[in-house]
Amino acid sequence: MTQTTPLHFVTLLGSLRKGSLNGIVARTLPELAPEGITITPLGSVAEFPHYDQDVQEQGFPAPVLTMAEQIRAADGLIIVTPEYNYSIPGVLKNALDWLSRVTPQPLARKAVALQTVSPGAIGGARAQYHLRQSLVFLDAFVLNRPEVMIGQAMSKFDTDRLELTDQSTRAYLTRQIAALADLAHQIAPHKSGNV
């Protein structure tokens, strides 16, 4: 399938820490994107209050509505997150809980890629498993392969300069972005070909 129409992806970061390795990956993605794909960050999940239906009934917080609209308008979403206690961070789950209440649902039929970074050997695989479960409920189309689980991460980053230095990891991220573009085109065929 010829794909000539530009695509725009957004990134949702599940970490709050300034020096987060996941944050470094998220900030690196725009420069790794193949031609015709742009990637921009969403706002911080730190801006979301704890989910509370009483708060929702008074009106959705502005950061929730802004992020929902940015996701809805994008061709795809990349979630980059650490693994906490064999699962996803509470701040990311809280953001997904808020987003799940917005109608129309911003993640429904949205192409989504997952990326995790961990000092451990399996690179956050358990976090991705739990995240996939939540995304099933949201009716997202999660990319199956290539999976990005960056393990043994301390050898792949320059933590002083906050840079991803491992070239094979950078190339692999580019391949996943390209695969997400293919998925996005399959979901929305009008995005392929000349418009």
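The values are calculated or read from the model by the stated rules, or taken from the named source; none is laboratory data. What you are looking at is a predicted structure, and each value in this text was computed from that prediction instead of being measured. Using ideal geometry, Cβ is built from the backbone for each residue, glycine included, and neighbour counts are taken over all protein chains shown. These accessible areas exclude ligands, DNA and RNA; they are computed on the full protein's heavy atoms, side chains included. Shrake-Rupley method; radii C 1.70, N 1.55, O 1.52, S 1.80 Å.
Report the residues of the stretch 59-83 in range of a label on Asn144: point 7 Å along Cα→C-beta, backbone N strictly under 16 Å from it.
none
Calculate, for Gln133 and Ala178, the FRET efficiency according to 1/(1 + (r/R0)^6) with r their C-beta to C-beta distance and R0 22 Å; round to the nearest 0.05.
Efficiency for this residue pair is about 0.25.
How many Lys pairs in the chain lie less than 20 angstrom apart by Cα atoms, where the lysines are 8 or more positions apart or on different chains?
Numbers: Lys18/Lys93; Lys18/Lys156; Lys93/Lys110; Lys110/Lys191.
Lysine pair count for the chain: 4.
Shape call for the chain from the C-alpha gyration tensor, a ≥ b ≥ c root eigenvalues: rounded (a/c under 1.5), prolate (a/b greater than b/c) or oblate?
Numbers: a/c = 1.71, a/b = 1.07, b/c = 1.60.
Because a/c hits 1.5 or more and a/b fails to exceed b/c, the chain counts as oblate.
Please list, in order along the stretch 35-52, the HN-Hα scalar couplings obtained from phi with the Karplus expression 6.51 cos²θ - 1.76 cosθ + 1.60 (θ = phi - 60°), rounded to whole Hz, x for Gly and Pro.
Karplus values, whole Hz, x for Gly and Pro: 4, x, 10, 10, 9, 10, x, 7, x, 7, 5, 5, 7, 8, x, 4, 4, 8.
Pop out the carbon and sulfur fraction of the accessible area of the stretch 85-195 as a percent, whole number, probe 1.4 Å.
Values: 2870 of 5580 Å².
Carbon with sulfur: 51 percent of the solvent-accessible area.
Please list, by residue number, every one of the trypsin sites (Lys or Arg not before Pro) in the stretch 1-58 that is coil in DSSP and has at most 12 other beta-carbon atoms within 10 Å.
Numbers: sites: Arg17, Lys18, Arg27; in loops: Arg17, Lys18.
For trypsin sites (Lys or Arg not before Pro) across the stretch 1-58 that sit outside H, G, I, E and B with at most 12 neighbouring Cβ atoms in 10 Å, the list reads Arg17, Lys18.
Using the Cα gyration tensor of the stretch 47-102, with a ≥ b ≥ c the square roots of its eigenvalues, what is the shape: rounded (a/c below 1.5), prolate (a/b larger than b/c) or oblate (neither)? Could the numbers behind the result be given before it?
Values: a/c = 2.68, a/b = 1.18, b/c = 2.26.
Oblate.
Rolling a 1.4 angstrom probe over the protein heavy atoms, how many square angstrom per residue are accessible across the chain? Don't skip to the end; give the middle numbers.
On the way: 9740 Å² over 195 residues.
For the chain, the solvent-accessible area averages 50 Å² per residue.
Given a 1.4 angstrom probe, I'd like the percentage of the accessible area of the stretch 43-82 that is carbon and sulfur, rounded to a whole number. Let's see the in-between values first.
On the way: 970 of 1950 Å².
Here it works out to 50 percent.
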